[in-house]
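Asker: Structure incoming, see below.
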Amino acid sequence: MKVAVYWGCLIPTVQYGYEMSVRAVMPQLGLELVELNNVSCCGTPIKSVNMFAALYLAVRNLAIAEKTGLDDLLLPCNGCYLSLSEAKHLLSQDGKLKERINNILKEENLQYEGSIKIWHTINLLHDLAGEERMREVVKHPLNGLKLAVHYGCHILRPSTFQPIDDSENPKKMDELVEWLGAKSIPYPEKLDCCGYMLLLSHPDAALTFTGLKLKAVQDWGADALVVSCPSCQMMFDMRQKSSGATTGAKLNLPVLYYTQLLGLAMDISTERLGLNLNRSPIDELLQKVGLISTATSP
Amino acid sequence: MLIKARAAIPYSMSIIDLTTTKKPDLALRLKLLAKIGEHKPYNCFQCIRCTSGCPSMKMLELKPHEIVSLASLGFIEELIASGTVWACATCLKCKERCPQAVAPVDLIFALRNLAVEKEAKVPESFLRSLSAILETGFVQKPQDTVTRKMEKVNREKLDLPKFHEPDEKFKAAFFKVLELFQE
Ligand code: SF4
Ligand code: SF4
């Protein structure tokens with residue numbers, strides 16, 4: 001089955017581990033990724049500056065995806081998912097707005113219909129690939145691992161924009177983890193924000209968000225934190241040291257993308273999953289699942 | 001009982017000086033309302049549910065219910081000048097949980113846009129993303145990075161396909177969009 005993919009800004013310019021692991025796992029599930037030409041940023045980074053321009057960018061990318069004629073579009077980044085799902089929602093409610101944007105898109109020979117279905121990595125794997133297929137591809141069950149999942153805000157809220165799961169009590173990512181043989185631990189801080197969006201205006205507060213959540217997950221005894229958003233990864237994985245320093249906590253928690261975890265369970269090499277790019281202590285996790293031999297030869 | 005206690009809290013006291021402040025700006029209030037679609041701040045009944053779940057309240061004392069109240073009354077200039085709108089983490093909890101469909105976070109985005117239009121207090125880094133998109137279509141070009149063992153790598157070394165920026169037509173159309181918004 002062919003699925004168009006839109007990577008956004010952060011994944012293809014710095015969060016290579018997510019792109020590599022998505023590219024590595026999807027074909028094994030029978031999902032062929034189709035690249036989009038001429039796309040741009042999704043609009044999220046400029047929403048604070050100019051909401052209309054941000055919306056335009058989101059719609060333009062959707063129009064490009066629709067041009068492929070495919071039914072499904074994968075958005076691995078939470079920020080992109082929010083931006084494009086909001087655009088779909090707003091334009092379905094407001095015909096005039098749709099016309100106004102389509103008038104501009106005409107100059108690039110584009111037209112937005114609203115026909116393509118959008119997916120995030122988590123619901124694509126959970127709903128489209130499905131439990132049976134997901135369980136089948138597990139070659140190396142992650143038995144005995146206790147993991148904490150972090151959904152990230154922008155794929156869950158608001159419930160009016162077609163979020164991937166229940167806004168207040170999501171289960172899909174927990175189930176995805178359990179299908180690999182690991183245990184997803186319940187913890188009260190599950191819906192807490194990573195702080196990324198505050199990084200530009202209030203960096204210390206942003207790092208405090210990050211540090212407090214990491215500390216909580218660590219204290220609940222999780223072996224690792226599993227994420228599915230490049231922004232969240234840039235906080236929990238890339239800024240674990242500075243967030244520990246800001247909050248005064250000793251942090252030592254492996255953080256990885258769900259697709260990296262899935263890749264491990266599929267027995268894909270750590271290099272192909274980009275796991276040597278994670279900053280957090282991933283080797284400790286690999287040791288626990290008995291994969292350290294591949295980990296020591298990056 | 002709880003509702004009574006909360007109703008006794010007066011409208012915002014921390015951003016405006018109730019004794020000396022100038023009159024609300026009703027024209028600016030209308031301009032703001034036009035930006036936020038259905039989520040009208042005047043539907044707020046100050047239940048404070050938004051603020052009770054707001055992570056930026058804990059960290060930065062952001063009070064979304066106050067912002068809603070001030071906007072609803074027309075104290076827009078004061079809100080923009082205070083810089084408080086830049087303390088929102090965009091977690092969207094307030095939008096999800098408001099019983100009156102007010103969406104304080106949408107109001108915050110609209111206020112940030114107004115701050116940019118009126119050249120008020122705007123963290124510079126927010127404007128940088130816009131110029132980067134105008135230049136390259138994205139917020140940044142692919143960066144070099146390092147592995148945990150400090151080996152330098154990039155897309156090519158990682159066997160990732162070449163990254164493409166959008167063409168010139170994109171830029172021309174995007175410029176037009178920004179001009180349209182100025183009108
Ligand atoms: S939750 Fe809604 S109604 Fe309640 S105070 Fe906040 S904005 Fe007003
Ligand atoms: S979106 Fe902003 S204002 Fe609303 S609850 Fe989250 S941090 Fe607070």
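The values are calculated or read from the model by the stated rules, or taken from the named source; none is laboratory data. Quick caveat, the model's predicted, so the values are computed rather than measured. For neighbour counting, all protein chains shown are included, and Cβ atoms are generated from backbone atoms with ideal geometry for every residue, glycine included. Calculation scope for accessible area: heavy atoms of the full protein, side chains included, ligands and nucleic acids excluded. Shrake-Rupley method; radii C 1.70, N 1.55, O 1.52, S 1.80 Å.
Asker: Return the pairs, sorted by first residue and then second, in which the second residue is part of a helix (DSSP H, G or I) and open to solvent by 60 Å² or more (accessible area, probe 1.4 Å), the first residue lies in region B:115-132 and is at the interface with chain A (Cβ under 7 Å from one of its Cβ atoms), the beta carbons are less than 9 Å apart, and the residues are 6+ apart or on different chains.
Answerer: B:Val116/B:Leu127
Asker: Among the listed residues B:Leu79, B:Leu92, identify the single one that is out of contact with any Phe, Trp or Tyr (no Cβ under 7 Å at 6 or more places or on another chain), open to solvent by less than 20 Å² (accessible area, probe 1.4 Å), within 16 Å of ligand 1 (Cβ to nearest atom) and at the interface with chain A (Cβ under 9 Å from one of its Cβ atoms).
Answerer: B:Leu92
Asker: If you don't mind, there's one more thing I want to ask. Condition test on A:Glu178, is it farther than 23 Å from B:Met59 by Cα and not hydrophobic (A, V, I, L, M, F, W, C)?
Answerer: Yes, satisfied.
Asker: If you don't mind, another one. Considering only region A:200-238, how many residues are within 14 Å of chain B (Cβ to nearest Cβ), surrounded by 24 or more Cβ atoms within 10 Å (Cβ to Cβ) and either of a type in the set (Lys, Arg) or over 18 Å from the mean Cα position of the chain (by Cα) (or both)?
Answerer: Of the residues in that region, 4 qualify.
Asker: Moving on to the next point. Tell me which of these A:Lys139 doesn't satisfy, since it passes every other one: (1) open to solvent by 10 Å² or more (accessible area, probe 1.4 Å); (2) under 12 Å from the mean Cα position of the chain (by Cα).
Answerer: Failing condition for A:Lys139: (2).
Asker: Hey, another quick one. Taking region B:58-75 on its own, how many of its residues are in contact with a Pro (Cβ under 8 Å, 6 or more places away or on another chain) and within 16 Å of ligand 2 (Cβ to nearest atom)?
Answerer: 7
Asker: Same structure, new question: Can B:Gln100 be described as open to solvent by 30 Å² or more (accessible area, probe 1.4 Å), out of contact with any Pro (no Cβ under 6 Å at 6 or more places or on another chain) and closer than 16 Å to B:Ile36 by Cα?
Answerer: yes
Asker: Output the residues belonging to region B:143-172 that are open to solvent by less than 50 Å² (accessible area, probe 1.4 Å) and within 25 Å of A:Ile64 (Cα to Cα).
Answerer: The answer is B:Arg155, B:Leu160, B:Phe163, B:Pro166, B:Phe170, B:Lys171.
Asker: Related question: Does A:Asp283 count as open to solvent by 40 Å² or more (accessible area, probe 1.4 Å) and under 25 Å from A:Pro45 (Cα atoms)?
Answerer: Answer is no for this residue.
Asker: If you don't mind, another one. Can you name the condition, by its number, that B:Ala103 falls short on among (1) more than 26 Å from B:Ala27 (Cβ to Cβ); (2) in contact (Cβ under 8 Å) with a residue 40 or more places away in the chain?
Answerer: Checking B:Ala103 against (1) more than 26 Å from B:Ala27 (Cβ to Cβ); (2) in contact (Cβ under 8 Å) with a residue 40 or more places away in the chain, the one that fails is (1).
Asker: Can you pull out the residues in region B:46-67 that are of a type outside the set (Ser, Thr, Tyr), within 16 Å of A:Leu212 (Cβ to Cβ) and outside any loop (DSSP other than H, G, I, E, B)?
Answerer: Those that are of a type outside the set (Ser, Thr, Tyr), within 16 Å of A:Leu212 (Cβ to Cβ) and outside any loop (DSSP other than H, G, I, E, B): B:Pro55, B:Met57, B:Lys58, B:Met59, B:Leu60.
Asker: Let me ask something else about it. Does region A:62-91 hold any residues that are surrounded by fewer than 15 Cβ atoms within 10 Å (Cβ to Cβ) and among the charged types (D, E, K, R), and which are they?
Answerer: Scanning region A:62-91 gives a single hit, A:Asp71.
Asker: In region A:77-91, which residues are within 27 Å of A:Ala129 (Cβ to Cβ) and within 14 Å of chain B (Cβ to nearest Cβ)?
Answerer: Passing the criteria: A:Cys77, A:Asn78, A:Gly79, A:Cys80, A:Tyr81, A:Leu82, A:Ser83, A:Ser85, A:Glu86, A:Ala87, A:His89.
Asker: Could you look through region A:15-61, keep only residues that are surrounded by fewer than 24 Cβ atoms within 10 Å (Cβ to Cβ) and away from every other protein chain (no Cβ under 12 Å), and pick out the one that is nearest to B:Leu130 (Cα to Cα)?
Answerer: A:Val34
Asker: Also, quick follow-up: Going by the conditions given, is A:Asp94 within 12 Å of chain B (Cβ to nearest Cβ) and surrounded by fewer than 22 Cβ atoms within 10 Å (Cβ to Cβ)?
Answerer: Yes.
Asker: Using the structure shown, decide if A:Val149 is more than 12 Å from chain B (Cβ to nearest Cβ) and either touching a Pro at 6+ places or on another chain (Cβ under 9 Å) or at pLDDT below 95 (or both).
Answerer: When the stated conditions are applied, A:Val149 passes them.
Asker: Then there's this: Looking only at region B:34-51, which residues are open to solvent by less than 90 Å² (accessible area, probe 1.4 Å) and more than 14 Å from chain A (Cβ to nearest Cβ)?
Answerer: Result: B:Lys40, B:Pro41, B:Asn43, B:Cys44, B:Gln46, B:Cys47, B:Ile48, B:Thr51.
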